């Protein structure tokens, strides 16, 4: 899936949660993406975020960054002996 399509989809999710305010929107966006996006989509949006995240709305960018951080924590914990 193209980065442009993922950006569009992520921003649409963000628009849905926008009316709930920042404090509820960011975790709502992250939870939705975590539940419904497959690992390839997540990898692609994480890579886009690392490349600067152009086109992502601020709440969406924050939600994806939180997901990426949590994903990195889980991978690090799994690698510990």
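The values are calculated or read from the model by the stated rules, or taken from the named source; none is laboratory data. Since this is a predicted model, take the numbers as computed values, not measurements. All Cβ positions, even for glycine, are placed from backbone atoms using ideal geometry, and neighbour counts span all protein chains on display.
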Note: among 71, 19, just one is at pLDDT below 95 and part of a helix (DSSP H, G or I), namely 71
Subset of the stretch 14-33, residues buried (at least 18 other Cβ atoms within 10 Å of the Cβ) and closer than 14 Å to residue 55 by Cβ, comes to 14
